[in-house]
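FYI, it's all coordinate maths here, none of it is from the lab. This one's a predicted model, so the numbers in the text were calculated from it and none came from an experiment. FYI the Cβ positions are ideal-geometry reconstructions off the backbone, even for glycines, and counts take in every protein chain you see.
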Amino acid sequence: MRVVAVVGTKKSGKTTTTENLIRELTARSYRVATIKHVSEPDFTIDTPGKDTWRYAQAGAKTIVSVAANEVATIEKVALENVPFETLLKKCRGNDIVLIEGLKKTVSQKRKLPKLVVVKSRDEALNAMEVYKPILVFSGPYNTENIDGEIPYADATKSLGKLADIIEKRLLKKR
């Protein structure tokens, strides 16, 4: 299983980039998993008042919700108590995992390739210091004249090129 972190500033296009990549890679028959960091401190995927929420309120630490077309596991645990590797294990069985967010964690992972979505030259230059290694740049700002070694492909205009880069460098065309 290969992993790519999709990072960038707010409103840079990370979600659109991730969504487009999922669509393109699944069209190429890859199994894709995603990990999405939600930064709102009080966010819950659970719905207050519903049965699963009531179970958590009663003290359950793990709630598994089973429906005809979906199985969801809700774990009531603080993010700082969940090792990064544990998150990745939840994605086993897939060819590639796209991680959106978790900037602090992924910036410290020096072997984890990053897809950096940027809106400006300053963002690109800052990313080159913070996010190593950078696999590819994407986003509204074209970085081709900043660093010739790091390719650029806009996920909204040249999605095929972006997917080709990921496929060639990480997935090695099965």
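I'd like the Kirkwood hydrodynamic radius of the range 1-118, using the inverse of the mean 1/r over distinct C-alpha pairs, in Å.
Evaluated over the range 1-118, this radius sits at 16.0 Å.
With θ set to phi - 60° and the Karplus curve 6.51 cos²θ - 1.76 cosθ + 1.60, what are the ³J(HN,Hα) couplings of the range 50-58 in order, to the nearest whole Hz, using x for Gly and Pro?
Values, residue by residue: 6, 4, 4, 4, 4, 4, 5, 4, 7 Hz.
Taking the alpha-carbon centroid of each part, what is the distance from the range 10-24 to the range 67-122 in angstrom?
14
Over the range 128-174, what portion of Cα pair distances is larger than 12 Å, expressed as a whole percent?
63
Give, to the nearest whole percent, the P(r) tail of the range 60-174 beyond 23 angstrom, counting all Cα pairs.
Of all Cα-Cα distances in the range 60-174, 43 percent exceed 23 Å.
Could you work out the percent of alpha carbon pairs in the range 81-144 separated by over 17 Å, rounded to a whole number?
Tail of the P(r) past 17 Å holds 45 percent of the pairs.
Provide the per-residue ³J(HN,Hα) series for the range 84-100, in order, calculated from phi with Karplus coefficients 6.51, -1.76, 1.60 and θ = phi - 60°, each as a whole number of Hz, with x at glycine and proline positions.
3, 4, 5, 4, 5, 4, 5, 9, 4, x, 10, 7, 8, 10, 9, 9, 10
Using DSSP, restrict attention to beta bridges with both residues in the chain and report what percent are antiparallel, rounded to the nearest 5.
25
Using packing as a proxy for protection, rank 2-15, 157-170 so that the peptide with the highest average count of other Cβ atoms within 10 Å comes first.
2-15, 157-170
Compute the orientation-averaged projected area for the range 1-44 from the convex hull of its Cα atoms and round it to one decimal in nm².
Reported value for the Cα convex hull: 4.0 nm².
Can you tell me which of 32-40, 92-100 comes out highest on packing, and rank the rest after it, using the mean Cβ neighbours within 10 Å?
92-100, 32-40
How high is the relative contact order of the range 38-174? Use alpha-carbon pairs under 8 Å, at least six apart in sequence, and give a whole percent.
In percent, rounded to a whole number, it is 12.
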